[in-house]
């Protein structure tokens, strides 16, 4: 089995490189770096054309990223929430990508391929943020070329050692192939377990949108806090009326001076209310006793038909221009 796979790589190397990179950049957890390293080693021994390997990887990456970019332009923040609902790491999927985008602007595309989870989220994120297509193609192309070039170059430089590894892999037969499948399965299982542990750690009582609406109607006046990032608010300008805008990392400073006995309701738009739960944990750690995440977040509130406001268009436009000013 393993020997046959190596023969397939030698015969259909460029096609395999293209398909592997394409599906990985689409979000399927099938790593392309090992394939690129092997292809680089084969290019060093003359079994594959070096330029062809680089071009196949570049075209596959650009094609997949352009599709995600278009989805971001067309569907906005919704496409990223969909990505993160099926992600193995939904807790950091959009949040960390938004933070990196705020720091790097469009240049995040230059490093996205090297950061787990960011590679798939970055193209729709910059598309939703309005990054121009020519700028996207330039930055994403350079980032893809750098990522593929590092992996292919590594294989090219270590061709002798990799040839020995491939020979050992071929002689091991089906056992080696099954071992690779087992390692892939263990990786996916580890990410799933990490996700379960995080959600268990953040499990706490939520308040439903009906309960929150009833509390407001009865004049209980809970303090509602929006802990989405600045980039998330630029993508989705909805807010619950009267909500206090806060950054997750500085939420304790935002509510400084508010009585510890005041009821606080925290919301976000991330899967499983992870950011809201993290914010609630932070506030409880500094002495706030009545803190609950909003079950379903802003989307559930809006879907229930309760009132939402929009951030002022001028404010959103100014913020977007500031974010894109350096691109």
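The numbers here are math on the coordinates, done by the rules we state, and not lab data. From a predicted model like this one, the values you see are computed outputs, not experimental measurements. As a convention, Cβ positions derive from the backbone with ideal geometry for all residues, glycine included, and neighbour counts pool all protein chains shown.
Each label point is 7 Å from the Cα along the Cα-to-Cβ direction; what then is the distance between the points at residue 190 and residue 133, in nm?
Distance between label points: 4.1 nm.
Can you figure out the FRET efficiency of residue 262 with residue 111, using R₀ = 41 Å and their beta-carbon distance, to the nearest 0.05?
Efficiency, from the Cβ-Cβ distance: 0.50.
Pulled fully out, how much extra length does the chain show between residue 197 and residue 47, if you take 0.36 nm times their separation in residues and subtract their Cα-Cα distance?
49.4 nm
Over the stretch 209-324, what portion of Cα pair distances is larger than 22 Å, expressed as a whole percent?
31 percent
Exposure proxy check: 114, 136, 75 ranked by fewest other beta carbons within 10 Å?
114, 75, 136
Neighbouring Cβ atoms within 10 Å as the yardstick, rank 273, 263, 309 fewest first.
Ranked by crowding around the Cβ, least crowded first: 309, 263, 273.
Which distance in nm do the two modelled labels at residue 214 and residue 150 give, with both placed 7 Å along the Cα-to-Cβ direction?
With each label placed 7 Å out from Cα toward Cβ, I get 5.3 nm.
Which percentage, to the nearest 5, of the DSSP beta bridges contained in the stretch 209-324 is antiparallel?
Close to 20 percent.
Run the paramagnetic zone check for residue 160: 7 angstrom along Cα to Cβ, then residues of the stretch 43-59 with backbone nitrogen under 17 Å.
43-46
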